[in-house]
Amino acid sequence: MRFHLVGFAVHVAYIVILFMYTNLVYVHGLNSSAADETAGGAGGEAGSGAAETGNLSIILLCGVLYPAVYETVQMAKDAGGYFEDLGNYVDLVYIWGSVAMSILHMELTPYHFVSKVLMALIVTLAIRRTFNYLRIFEALSPIVTMLNNVIYQLRIFLTFYYILVLLFSLMYGVIGIGNYKLEGAFRDAFY
């Protein structure tokens, strides 16, 4: 129990850092105007936004160090059995995706499309990892197990739901709602 509590504490610290990073970079737009040129560009050159968010990205990178070491030790102990569990693949995607995300945020900018997609994937996988850690608490274990079973049983419905959300978001992108460059045109046309 103590061993898993250490892992849980490190995970909570990483989630807090992720919240702070998202708040500073995406909500408050730390250097977003300087990074706008590279955000949509195909060149992917680093702007000054990447320079100022570099320290924050290094902190994110440090937050995933413990899980990386833990998974590596687990893999070394039982390589054959380790790769039989699908959850371990998800953990590896989470860990190495977090490493790639931090590097991309330093090299490109956090506002580049690839950086945003990878960040969204990591945040989604962080939900699963948080639920796995909550299973160590006796009061929360049945709830987490129930949620896992319900989500698994609703997988076909959720697939259709995700398709609907994706297509509706595509439709909004086509008509320009939320598009940065078209926002001023809509404001002028409708207001």
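Observations, loosely collected:
- The residues of the stretch 144-165 that are at pLDDT 90 or above, over 21 Å from the mean Cα position of the chain (by Cα) and surrounded by 11 or more Cβ atoms within 10 Å (Cβ to Cβ) amount to a single one, LEU154.
- The C-beta contact set for the stretch 131-157 (first residue within 25 Å of GLY7 (Cα to Cα), second residue in a helix (DSSP H, G or I) and hydroxyl-bearing (Ser, Thr, Tyr), distance under 6 angstrom, 6+ apart or interchain) comprises ARG135/SER141.
- Of the residues making up the stretch 113-130, those that are more than 30 Å from PHE3 (Cβ to Cβ) and either surrounded by fewer than 18 Cβ atoms within 10 Å (Cβ to Cβ) or modelled with pLDDT under 85 (or both) are PHE113, VAL114, LYS116, VAL117, ALA120.
- Residue match in the stretch 152-166 (condition: touching a helix residue (DSSP H, G or I) at 6+ places or on another chain (Cβ under 7 Å) and of a type in the set (Val, Ile, Thr)): no
- Total residues in the stretch 118-135, condition more than 8 Å from the chain's Cα centre (by Cα) and part of a helix (DSSP H, G or I): 8
The values are calculated or read from the model by the stated rules, or taken from the named source; none is laboratory data. Quick caveat, the model's predicted, so the values are computed rather than measured. Virtual Cβ from ideal backbone geometry, glycine too; neighbours counted across all protein chains shown.
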